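What follows is a set of notes on a single structure, which appears directly below.
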Protein chains: 2
Amino acid sequence: MKLHCPFPAASEEHILLAHGGGGRLTQQLIDRVFRPAFANPLQQAEHDGAILPPASAHLAFTTDSYVVHPLVFPGGNIGDLAINGTVNDLAMCGARPLYLSAGFILEEGLLVKTLQVVVSAMSAAARRAGVAVVTGDTKVVERGKADGIFINTAGVGIVEAPSPVSPAAIASGDAVILSGDIGAHGVAILSVREGLEFEGEIASDTAPLWQEVRSLLDAGIELHCLRDLTRGGLATSLNEIAVARGAAIRIREVAIPVRESVQGACEILGLDPLYVANEGRFVAFVPERDVTRALAVLPRGVRIGTVHPDPAGLVLLESRIGATRMLDTLTGEQLPRIC
Amino acid sequence: MKLHCPFPAASEEHILLAHGGGGRLTQQLIDRVFRPAFANPLQQAEHDGAILPPASAHLAFTTDSYVVHPLVFPGGNIGDLAINGTVNDLAMCGARPLYLSAGFILEEGLLVKTLQVVVSAMSAAARRAGVAVVTGDTKVVERGKADGIFINTAGVGIVEAPSPVSPAAIASGDAVILSGDIGAHGVAILSVREGLEFEGEIASDTAPLWQEVRSLLDAGIELHCLRDLTRGGLATSLNEIAVARGAAIRIREVAIPVRESVQGACEILGLDPLYVANEGRFVAFVPERDVTRALAVLPRGVRIGTVHPDPAGLVLLESRIGATRMLDTLTGEQLPRIC
């Protein structure tokens, strides 16, 4: 097969296996799609990796793969998600996100236009979050061996929190602060997938969280632990933390903000918003004395609960009618391919 | 669906969508498969990322996704490849590989046993290369939406080369040294794929390259440029470098070692070994005065050519019969999913 004209008609170009072969077409794809979107001084096209400046503080290093279906959804696409998700994992370490890698696995036959939409969203999200995509990789697999686009991003950041941010730092009596209303991302994905329309489109909450973390640090808040509420939602994240710390977390249902449209959609879809994934919300564990200042910094922040010594490893929910029940971790798969 | 006993019979356990859901089964998979294989002090299970010590030197940062088919082949599997490939991209920056991330995309229905074989190979390869897998992620997609296992690894290393290792550092007159015989990896993959058996099994050359680079640095060799010869093989790598540097690279075919079994297999398969992928071979560009010492350090190293100012951007091959021809970059896809 001769490939003299790999991009014949802009609207209908497709990804070919040869775009992942490491030869001329790979180079053309890099030059045409990736390099313009991610241009930055550290990106060394002729190199196998990026060279980063020395770091006098601790570094945070993290990775996530993104397989969300559908690729595009209200409020974003897999590209925003792949940048924000890794930016947020760094932020949750108390680290300023700086450098990202991007690894693409493309399915043969994908429209180049679709890839461009995704890469353009990544470029905008990276700019918004203040990070540079400095190194990358592209593979192509045969039609039917992937699902459009899978993206992996890894990230490197500089730790700015003055003391370790981790479940181990949580103390009994710490307040649990939630940064905003929950459930929008999962509902946005599922509504597209199920072909449902809800009153007032529900958009994903995908967003970078470092600025909020930085504001908390600037305000002198003692951040004991941070966690973004992705797969498994608020309930699962709190359970992981309760187990890791060996403490009890008591939260009040009435304090947890869920938008009416999201609540309504969850009822129709048979979902519990406490288990639905978010891509722009986190919980912060802070000492009681810092609660007021923390809430002053987080515009949509609410205090939802408190850490207790017992019963260790459990999350307890005080319901709207005053009853207390155990809030278990997610079992099974509520929403596959949510991120 | 209740999942009280997710691993009923060791030999026939399968990956479920819920293993990627972020809930209990994800945790069980981490605890049972990943954590034992990658145990190291920096791996913080209860965290979204790993915290690395400060670095007084420049850092190298790189990523690659691995989609090789078949997953297991003579000489290795996708797990070895995913560790060695990223280790080698760091080594090619003149950096000591230190920390890796591992992102898994699994297809629903995959045998857990297969994943264990791959993860076990990763663990052994990481130990051999002296790197720690410090952070990771697992996603599961529906049956038919991936192909068994895709792995992304990103890596962070510390630059130990005293001056930048990059095509820009290449000077006219530099010698081109090849670290060993070429073509084994691509032929090993293709022979399995095509169900061919060659006399004397041809095993992949997958191997970590940092020790060889470190030996060159220890010997005081001025390393101008390093490149591992993966997708597109020796010919494509040299073309990329010739273009990036704006120089001509002249090589002699007779100097390029290709094992007889590999040469024979290439003839049967219709492949040119100069374009076949390697996973444990590299070229080094060094000043003429360092050639003898470089070859003393590399046990299988050979000098294959020299850098000239003209014709800039081209690779010229002097054939066995003394004719000179242009050696082009790979066009199209000689071997899809080779890594």
* Would you say A:Thr230 is modelled with pLDDT of 95 or more and either within 27 Å of A:Ser65 (Cβ to Cβ) or more than 18 Å from the chain's Cα centre (by Cα) (or both)? -> yes
When (1) within 14 Å of chain A (Cβ to nearest Cβ); (2) on the phi > 0 side of the Ramachandran plot are applied to B:Gly200, the one that fails is (1)
Checking A:His19, A:His47 in turn, the sole residue that is within 11 Å of another protein chain (Cβ to nearest Cβ), over 30 Å from A:Val165 (Cβ atoms), modelled with pLDDT under 95 and open to solvent by less than 10 Å² (accessible area, probe 1.4 Å) turns out to be A:His19
Practice prompt. Tell me, yes or no, whether region A:190-202 has at least one residue that is modelled with pLDDT of 95 or more and either in contact with a helix residue (DSSP H, G or I) (Cβ under 9 Å, 6 or more places away or on another chain) or part of a loop (DSSP other than H, G, I, E, B) (or both).
Written response: no
Only one of (1) open to solvent by less than 20 Å² (accessible area, probe 1.4 Å); (2) in contact with a strand residue (DSSP E or B) (Cβ under 6 Å, 6 or more places away or on another chain); (3) within 14 Å of chain A (Cβ to nearest Cβ); (4) not in a loop (DSSP other than H, G, I, E, B) does not apply to B:Ala235, and that is (2)
The residue that is surrounded by the fewest Cβ atoms within 10 Å (Cβ to Cβ), considering only those in region B:208-217 that are out of contact with any strand residue (DSSP E or B) (no Cβ under 9 Å at 6 or more places or on another chain) and touching a residue at least 12 places away in the same chain (Cβ under 8 Å), is B:Ser215
message = Any residue that is facing chain A (nearest Cβ under 8 Å), crowded, with 20+ Cβ neighbours inside 10 Å and free of Cβ contacts under 8 Å to residues at least 60 places away in the same chain - is there at least one of those in region B:66-73?
response = no
Among residues of region A:58-109 being touching a Pro at 6+ places or on another chain (Cβ under 6 Å) and among the hydrophobic types (A, V, I, L, M, F, W, C), the residue nearest to A:Gly144 (Cα to Cα) is A:Val87
ask   = Taking B:Val33, is it part of a helix (DSSP H, G or I) and under 14 Å from B:Ala121 (Cβ atoms)?
value = yes
Across (1) in contact with a strand residue (DSSP E or B) (Cβ under 9 Å, 6 or more places away or on another chain); (2) farther than 28 Å from B:Leu316 by Cα, B:Val176 clears everything bar (2)
For A:Asp328, state whether it is in a loop (DSSP other than H, G, I, E, B) and more than 29 Å from A:Glu197 (Cβ to Cβ). yes
| message | Based on this model, can you work out whether A:Ile189 counts as under 19 Å from the mean Cα position of the chain (by Cα), farther than 29 Å from B:Asp31 by Cβ and open to solvent by less than 10 Å² (accessible area, probe 1.4 Å)? | response | no
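The values are calculated or read from the model by the stated rules, or taken from the named source; none is laboratory data. Keep in mind that this is a model prediction, so the values were computed, not measured. Cβ sites come from the backbone with ideal geometry, for glycine too, and all protein chains shown count toward neighbours. The area values use the complete protein model at the heavy-atom level, side chains included, leaving out ligands, DNA and RNA. Shrake-Rupley method; radii C 1.70, N 1.55, O 1.52, S 1.80 Å.
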